[in-house]
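Take a look at the structure below.
The values are calculated or read from the model by the stated rules, or taken from the named source; none is laboratory data. Model, not experiment: these values are computed from the prediction. Every residue, glycine among them, receives a Cβ derived from its backbone with ideal geometry; neighbour counts consider all protein chains shown. Areas reflect the complete protein model, heavy atoms only, side chains present, ligands, DNA and RNA absent. Shrake-Rupley method; radii C 1.70, N 1.55, O 1.52, S 1.80 Å.
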Amino acid sequence: NANLVELSNTIFKQILVSNDLHEFTINDIGTVAGGGTPSKKIISYWNGNIPWLSPKDLSNKPRIFTSSGENYITQQGLDNSSTKLLPRNTVLFSSRAPIGYLSIAKNRIATNQGFKSVIPNKQYPFWFIYELLKVETPRIINEANGSTFKEVSGSRLKQHIVYVPKSSDVLRYNSIFISLFQKMMQSESEIDTLNSLKRALLNKLF
């Protein structure tokens, strides 16, 4: 995957230098969505079937595509908290402790308040927003506030200014990036399968 990531980074940078750039905000190219944590005092909110993510999950297991973390919540937990069920291909962006963990939702997923994720619109696909946030992370960190630890708010991320090509120029590269990211996802799935097989074999041996 390292080679695929390097290739996608290179092509993305080429897109930025070979097309006219226009001023937009993050809110112009996607919908920024926050998260939340159901009360841990209420048992019925937890151990359901809805994957729920915290930045710690991406720290422990960094990956391009994420389907779940350590914890799951119930529909009751979802309904009674500020967390949201984000659609597949949402770009998950950690907004504190630290700022800048990135992953793409492999399926519908909820997050805690440590994320300000971006749901792509039809004009700017998930791969573009993922690559753009990678490039923009240092600038986003500079705009963050907080005395104990840096945090970027949802309103701040929505207003963050970016200079990007118009949608028609971006979509010309869609098939190339979809193919690249499909290969990355396949590679991660194969690694997961091999790791599961390894654990099973070690358990039998020891």
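I'd like the FRET efficiency for D20 and Q186, computed as 1/(1 + (r/R0)^6) with the beta carbon distance as r and R0 of 30 Å, rounded to 0.05. Between D20 and Q186 the formula returns 0.30.
Students often check this: by mean Cβ neighbours within 10 Å, which of 101-108, 135-142 ranks highest, and how do the rest follow?
Details: 101-108: 19.2, 135-142: 14.5.
Sorting 101-108, 135-142 by mean packing, highest first, produces 101-108, 135-142.
Please report the net charge: other residues with Cβ closer than 14 Å to the Cβ of I15, K and R +1, D and E -1. Write down the numbers at each step before the final one.
Details: positive: K13, K134, K166, R172; negative: D20, E131, D169.
Neighbourhood net charge equals +1.
Rolling a 1.4 Å probe across the protein heavy atoms gives the chain an accessible surface of 54 Å² per residue. Globularity index of the chain is 1.08 (Cα radius of gyration / 2.2 N^0.38 Å, N = number of residues).
When peptides 12-20, 26-34, 50-58 are sorted by average Cβ neighbour count within 10 Å, with the highest value leading, the order is 50-58, 26-34, 12-20. Show which aspartates and glutamates lie in cross-link reach of K13 when reach means a straight Cα distance below 20 angstrom and same-chain residues fewer than eight apart are skipped. Straight-line reach from K13, under 20 Å: E23, E131, E136, D169.
So, in the stretch 123-188, how many Lys pairs have Cα atoms under 25 Å apart, if the pair is 8 or more places apart or on different chains? Please list the in-between numbers first.
Values: K134/K150; K134/K158; K134/K166; K134/K183; K150/K158; K158/K166.
Step by step, the pairs that qualify in the stretch 123-188 add up to 6.
With both labels modelled 7 Å from their Cα along Cα-to-Cβ, the A97 to S82 distance reads 1.4 nm. Per DSSP H run of at least 4 residues, take -39500 (n - 2.57); add these up for the chain, divide by its residues and hand me the 222 nm value, nearest 500 deg cm²/dmol. The per-residue figure over the chain is -13500 deg cm²/dmol.
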